[in-house]
1. Would you please name the GluC sites (Glu not before Pro) within segment 9-88 that are DSSP coil residues with at most 11 other C-beta atoms within 10 Å of their C-beta?
2. Mind checking the alpha-carbon convex hull of the chain and giving the volume per residue in Å³?
3. Please give the residues of segment 314-336, grouped as numeric ranges, whose backbone N is less than 12 Å from a label point set 7 Å along the Cα-to-Cβ vector of Gln351.
4. Cut-off under 14 Å on the C-alpha distance; same-chain residues fewer than 8 positions from Lys224 excluded. Which aspartates and glutamates are left, in chain and number order?
5. Pull up all non-local amide H partners of Ala172: gap of 5 or more, or a different chain, and H-to-H distance under 5 Å with H placed in the peptide plane.
6. So what's the net charge close to Leu420: Lys and Arg +1, Asp and Glu -1, counting the other residues with Cβ under 15 Å from its Cβ?
7. Per residue, how much accessible area does the chain have with a 1.4 Å probe, in Å²?
8. So what J values fall out for segment 74-89 if you push phi through Karplus, 6.51 cos²θ - 1.76 cosθ + 1.60 with θ = phi - 60°, rounded to Hz, Gly and Pro as x?
Amino acid sequence: MPIPTPSVELIRTQIAERQTTATAVAEQHFAAIAADDATALPLHAYLTLSRERALQQAARIDALADRGDPLPPLAGLPVGIKDVLSTAGIRTTCASRVLENYVPAYDATAVARLEAAGAVILGKLNCDEFAMGSTTENSAYGVTRNPRDRSRVPGGSSGGSGAAVGGGLCVAALGTDTGGSIRQPAAFCGVVGLLPTYGRVSRFGLAAFASSLDHVGPLAHSAKDCAYLLQAMAGHDPLDATSALAPVGNYVGGLGASIRGLKIGVPREVFGAGLDAEVEARTRESIAALRGAGCEIVDISLPNHDAAIAVYYVIATAEASSNLARYDGVRYGRRAPAASLANMYRQTRDQGFGAEVKRRILLGTYVLSAGYYDAYYRKAQQVRALVAGDYQRAFGGVDLIATPTTPTPAFKLGEKADPLELYMADAFTVPASLAGIPAISVPCGAAHGLPVGLQLIAPAFEEERLLRAAHHLELLRLA
Ligand code: GLN
């Protein structure tokens with residue numbers, strides 16, 4: 001019999017029924033991480049392990065099970081956390097030299113809520129520096145490999161999260177998504193990744209890249225596990241002024257309801273040049289499966305689709321240039337020794353930041369500067385509103401939108417040297433980020449022997465509908 005993929009419910013049930021303990025589950029995962037580190041081509045998903053904190057939490061869960069007390073929803077679930085989310089007492093580097101030895105004094109709200117729901121935090125996961133990138137090759141601490149093909153990238157920027165879940169080094173992970181960084185690595189690593197609505201999950205304790213676009217969300221083996229993690233994290237947080245007051249849905253409980261009659265829009269703009277033929281075939285097969293399950297498939301148009309990448313790289317870099325001004329050698333992390341204050345700033349930032357981060361700070365400073373602000377930044381904000389308007393109009397006639405998550409499967413390590421080429425590969429994920437609406441990537445087969453993701457997009461705060469459709473798609477694929 002095949003070993004069942006571990007899940008939130010399986011782990012909780014096995015602990016409750018005394019077939020295992022949270023401590024044993026955590027130890028098995030630490031052993032798997034060590035075994036992987038010892039291989040010739042390690043995944044290198046983790047930057048820091050939090051063994052002590054994990055075992056303390058596991059002991060708390062085991063004590064509950066010993067007493068026969070009810071277990072919290074995520075009891076004993078081994079999770080990894082992308083290293084841009086603050087963890088009290090545990091080094092948080094943002095995969096940057098500038099924060100090499102930075103140890104936060106507090107937890108990000110998302111992290112604290114997962115732990116309060118019983119999750120066991122194994123450690124901090126590699127990513128592109130400050131979440132800027134699509135391959136995890138921009139980490140200052142070495143590349144992460146794709147668990148399905150170790151000569152390839154796991155995607156990014158949450159590449160450590162995708163690789164750790166896909167490679168069995170945790171059961172679920174937190175990632176962050178500003179333009180695709182949860183959904184693209186999920187697609188590349190053959191797992192599920194959820195981008196919640198902007199404001200649905202608190203950003204408190206997340207090192208900001210582009211504040212109007214940054215989202216925290218889960219990567220896991222199934223839509224159901226993503227629903228469990230979202231259920232634990234969602235909801236207003238007074239510590240994040242942009243966190244939403246909208247009521248939290250019944251994400252787990254709503255999965256079973258029917259998808260019959262759901263209208264699914266398929267935007268014609270995504271089936272253009274640059275889309276791999278096998279990725280297109282897998283996408284069309286998934287859409288046909290949804291039709292077979294009683295969904296109505298509707299041809300739609302998103303006229304401003306092609307502008308999204310340009311808009312994103314103006315707004316995201318502008319916000320990054322402002323957010324990253326705080327790494328000046330005075331308040332956080334690294335400080336370069338220098339004779340004058342100005343030189344200290346200059347050298348700290350020159351030595352601390354990698355090439356991609358510098359490129360974005362320069363671009364962002366340029367588009368915000370006097371004389372260029374109206375031509376670039378203001379214009380980008382106007383076109384962002386048009387992109388969001390496309391989705392609002394489309395959702396007047398459909399319940400969900402389906403697209404491929406990425407135009408191609410995972411690239412080879414080192415394959416894409418031209419930043420512009422990498423930026424274009426985000427074409428399908430960036431629009432939902434700009435619109436602030438939820439989206440999910442679900443595995444939908446293979447292209448050239450590599451995982452492919454189908455992306456479903458929903459109107460704001462309709463995560464319940466989104467997860468339900470993703471869950472049914474998984475069931476259809478198993479049938
Ligand atoms: N790949 C995109 C970028 O490089 C998205 C990154 C993200 O979502 N954090 O900016």
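1. Those that pass, being in a loop and sparsely packed, are Glu17.
2. Given the Cα convex hull of the chain, per-residue volume reads 144 Å³.
3. The answer is 329, 334-336, whose backbone nitrogens lie closer than 12 Å to the label point.
4. By straight Cα distance, Lys224 reaches Glu9, Glu463, Glu464, Glu474.
5. Those qualifying (amide H under 5 Å, at least 5 residues apart or on another chain) are Gly80.
6. With Lys, Arg at +1 and Asp, Glu at -1, the neighbours total -3.
7. 37 Å²
8. 9, 3, x, 5, x, 10, x, 10, 4, 6, 9, 9, 5, 9, 4, x
The values are calculated or read from the model by the stated rules, or taken from the named source; none is laboratory data. Just so it is clear, the model here is predicted, and its values are computed rather than measured. Backbone-built Cβ (ideal geometry, glycine too); neighbour counts: all protein chains shown. Calculation scope for accessible area: heavy atoms of the full protein, side chains included, ligands and nucleic acids excluded. Shrake-Rupley method; radii C 1.70, N 1.55, O 1.52, S 1.80 Å.
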